[in-house]
Amino acid sequence: MAVSSFTAIDEGALVAQAREGDAASFSELVRRYEGKIFRLAQHVTQNREDAEDVLQETFMKAYEHLDQFQGNSKFYTWIVRIAVNQALMKLRRRKTDKSVSLDEAIDTGEDTVVREIAAWEEDPEEQFTREELGKILDTAVQSLDPPYRTVFMLRDVDELSTEETAEALGLSVPAVKSRLLRARLQLREKLTRYFKRKGGDAFAYL
Amino acid sequence: MPLLTCKDFLMELSDYLDEALDAELRAKLEQHITECPNCWVIADTTKKTVKIYKGMEPYPIPSDVEARLMAALEQKMAAKQKSVAAVRRK
């Protein structure tokens, strides 16, 4: 079978074949998700070397424990959970002064305070090249606290549902929702600097 | 029905953008943004924020990183297949 023919194969079938010991099917699953897992690992650890370790450990563990994958959640949700756990262990090892967890978001109320209110351009992303835009978006996400960053990446970038995100992170649905709201509001605030309407019409909506 | 404050609006904003609210609350929020220009801007810019990020493709994984990942996995898979074969031979 040609490698390219895998792309059309449904994920469930690939998982089933991988569980039967088919190495090519497992490799195809890795190829489908390695980019997303590497990005997520980089966002959580903020360290490239750690992210690479997390990437390898995630797929090694997934391969080892494939028989424990129940198939009642998506394969991606399952490996995200492994990846997040691995990434948190790295973080804890680096920051020995305090334990790090995704449960640590402290609700001070501060992070829902809206400081800047200015209308944006209609298609703000068109003011920038792809590369510039990528950098702006990455920098903004990186500046969020880990609990917010991780929820935002899974919900709004990887487009997992609220329930899948809760499952992958071992959080309750209300906790996912409250972090997502805070992450979105903080990002909105950060991006306003770049995307607000230029010149005198910034308050044209008034 | 009681009017929403801006703070109430903000608390429901995520669910509003995700279309996860019941019709009654949704109507209240929509009423609020027609009357409150600040909340309209916050809703509009938050919606644009989510839209810009949605589906952002990851950068292709660096080839050296992928090569090391695949090499590690191949080793592991080969080891497992060997042990499976050994069990079958018994």
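Annotations for the structure displayed:
- Applying the criterion of being small (G, A, S) and facing another protein chain (nearest Cβ under 7 Å) to the residues of the stretch B:1-55, the residue that is surrounded by the fewest Cβ atoms within 10 Å (Cβ to Cβ) is B:G55.
- For the stretch A:16-38, filtering for residues that are farther than 17 Å from A:Q56 by Cα and of a type in the set (D, E) leaves 2.
- Residue in the stretch A:68-79 that is in contact (Cβ under 8 Å) with a residue 60 or more places away in the chain, part of a helix (DSSP H, G or I) and among the hydroxyl-bearing types (S, T, Y) present: yes
- Test: residue in the stretch B:80-87 that is among the basic types (K, R) and farther than 30 Å from A:A62 by Cα: no
- Taken as a whole, the condition of being within 30 Å of A:A51 (Cβ to Cβ), part of a helix (DSSP H, G or I) and free of Cβ contacts under 8 Å to residues at least 24 places away in the same chain applies to B:T49.
- The one condition in (1) in contact (Cβ under 8 Å) with a residue 40 or more places away in the chain; (2) in a helix (DSSP H, G or I); (3) acidic (D, E) that A:E116 fails to fulfil: (2)
- Looking across the stretch B:10-20 at every residue that is of a type in the set (A, V, I, L, M, F, W, C) and at pLDDT 95 or above, the one that is nearest to B:K51 (Cα to Cα) is identified as B:L17.
- Only one of A:L137, A:L66 that is assigned by TED's automatic domain parsing to the domain that holds A:Y194, modelled with pLDDT of 90 or more and on the phi < 0 side of the Ramachandran plot: A:L137
- Taking the criterion of being of a type in the set (K, R) and surrounded by 20 or more Cβ atoms within 10 Å (Cβ to Cβ), the only residue of the stretch A:70-92 that qualifies is A:K90.
- Residue, surrounded by the fewest Cβ atoms within 10 Å (Cβ to Cβ), within the stretch A:34-69, restricted to residues that are among the aromatic types (F, W, Y) and either farther than 20 Å from A:T165 by Cα or more than 10 Å from chain B (Cβ to nearest Cβ) (or both): A:F69
- Among residues that are in a helix (DSSP H, G or I), more than 30 Å from A:L29 (Cβ to Cβ), within 14 Å of the chain's Cα centre (by Cα) and not basic (K, R), B:D44 is not included.
The values are calculated or read from the model by the stated rules, or taken from the named source; none is laboratory data. All figures in this text were calculated on a predicted structure; none of them were measured in a lab. Counting neighbours? That spans all protein chains shown, and the Cβs are built from the backbone with ideal geometry, glycine included.
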